[in-house]
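Colleague: My questions will all concern the structure given below.
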Amino acid sequence: MPGEATSLENPAEKSNEEMLIRRIRGGEHELFYELIRPYERRVYSAAFAILRNEADAEDAAQEAVLKAFKHIRQFRAEARFSTWLIQITVNEARMRRRKEHAHIMEPIVDHQDEEGNYTPRDFADWREIPSETLERNEVRQKLAEALASLGQKYREVFVLRDMQHLSIQETAKAVGISTASVKTRLLRARLMLRDLLAPGLGGSWNSKVSFAKGDKPW
Amino acid sequence: MVVSCEEVWREISNYLEGEVDPGLRAAIQEHFRGCKHCTAVLDGTRNVIELYGDERMFEVPLGFSQRLHRRLEENMPRSRGLAFGWMVAVTAAGLVVGGFEVGGSSVFTRPELRSEHAQPGSGVPAQMMVVVSADGKTFHAPGCRFIHDKAKLRTVTVSEALREGYAPCVRCMKKYLSGAVISRPAFAGTEAHIPGSEAQSRE
């Protein structure tokens with residue numbers, strides 16, 4: 001379960017991380033490479049999930065890591081370093097997204113009714129999937145397309161909670177919304193993705209899944 | 001408690017998070033036992049979480065890590081740790097050189113040499129054993145033919161001799177005085193071979 005996964009933390013790793021942060025603050029800047037190494041992939045994927053473009057995501061990820069380095073003194077030990085880093089990344093990616101889309105009259109708030117119940121469209125049986133499924137490029141591609149087709153506000157929450165394994169509270173803080181909103185958006189994101197993927201993955205892609213705009217189930 | 005399909009869908013995410021109270025949980029589980037559609041939704045949603053939670057989902061572009069590190073390197077000030085390391089190295093080098101001058105003295109001021117013509121023994125290994133005489137002005141390698149008062153000799157280290165104001169004999173210590181810079185590393189801290197000198201000391 002995601003909740004269980006997030007609450008687990010290796011105390012030895014945490015202690016090592018705290019020691020690294022202390023030393024970096026003390027002037028041993030080179031140790032910063034060691035500190036961020038376990039999170040590089042996560043930083044990139046968080047940026048990519050928001051920007052949906054490799055070049056922009058890489059640029060935003062680099063900028064976020066640099067900002068984390070420059071502001072390492074502002075990091076508070078009560079938080080997890082990974083959460084703090086991802087939060088910076090999300091902010092950076094969102095800022096870029098706003099800049100790049102500033103010319104488009106995009107509503108700041110998505111007016112889709114969050115409170116309305118979501119009705120699953122598809123009831124295809126999709127039981128256990130072997131983990132090897134992800135070894136297939138085709139499957140990863142379909143998953144990426146499905147995720148990219150979600151609205152921004154659903155995608156952000158889903159990525160932070162289910163892909164970055166932040167807690168509900170951490171996700172709420174990173175996105176700047178209430179925990180209740182996180183839960184609502186998360187529910188919708190998960191159900192929407194299931195609707196998109198179940199027919200294909202459940203039926204070994206017998207039915208072609210299309211993510212063209214008009215075909216979305218919501 | 002009986003729950004409808006709509007209620008199950010509304011709570012399915014919380015159910016998977018383990019965040020529904022025991023009564024509702026039991027009711028949802030009971031619902032699953034009799035509802036094929038909701039079971040399909042449950043299985044599918046769980047699979048979504050599992051698949052996307054796998055770190056293989058996103059592949060970072062080739063060379064991402066290297067480019068990130070390069071960018072960091074370009075923007076990273078020289079660390080105090082590194083600067084400190086350099087400082088230590090430079091200081092240590094200075095001390096090695098200076099050490100020969102002060103001969104391991106605890107005070108870093110050079111004593112006044114007994115002879116105006118003497119050269120400071122900065123190139124002579126500090127721990128090498130040499131001989132000095134009470135009324136002499138220079139220290140010598142044992143057996144040096146230019147030792148004046150052989151009856152009053154005592155053996156000391158170069159650093160002790162330097163501390164007492166003795167200067168190196170320009171004959172038997174010639175090697176250290178003229179070619180000190182080149183030969184110093186090879187002799188540092190060792191009992192080096194001391195070549196004899198054929199020339200006459202002026203002392």
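Colleague: Ignore the peptide's own chain and count Cβ atoms of other chains within 10 Å of each Cβ in B:55-66; give me the average, rounded.
Modeller: That average works out to 6.
Colleague: Additional query: Separation of the range B:1-75 and the range A:53-90 by C-alpha centroid, Å?
Modeller: Cα centroid to Cα centroid, the span is 25 Å.
Colleague: So what's the convex hull volume per residue for the Cα atoms of the range B:5-57, in Å³?
Modeller: 70 Å³
Colleague: Now for a separate question. Averaged across the residues of B:33-40, what count of C-beta atoms belonging to other chains lies within 10 Å of each residue's C-beta?
Modeller: 3
Colleague: Counting only other chains, what is the mean number of Cβ atoms within 10 angstrom of the Cβ of each residue in peptide A:50-59?
Modeller: 2
Colleague: Additional query: The range A:11-34 to the range A:135-151: how many Å between their Cα centroids?
Modeller: That distance is 36 Å.
Colleague: So for each of A:55-68, A:158-171, B:32-45 I average, over its residues, the number of other beta carbons within 10 Å; can you give me the resulting order with the highest mean first?
Modeller: Top of the packing list down: A:158-171, A:55-68, B:32-45.
Colleague: Another question, then. What distance in nm lies between label points placed 7 Å from Cα along the C-beta direction at A:Met19 and A:Asn91?
Modeller: Taking the two extended label points, one gets 3.0 nm.
Colleague: Given the pairs B:Lys137/B:Lys174; A:Lys67/A:Lys183; A:Lys173/B:Lys36; A:Lys153/B:Lys36, which span a C-alpha to C-alpha distance of over 27 angstrom in this model?
Modeller: A:Lys67/A:Lys183; A:Lys173/B:Lys36; A:Lys153/B:Lys36
Taken together, the values in this text are just the output of simple stated rules run on the coordinates, not laboratory data. Small disclaimer: the values here were computed from a predicted structure and weren't measured. So basically every Cβ, Gly included, is an ideal-geometry build from the backbone, and we count neighbours across all protein chains shown.
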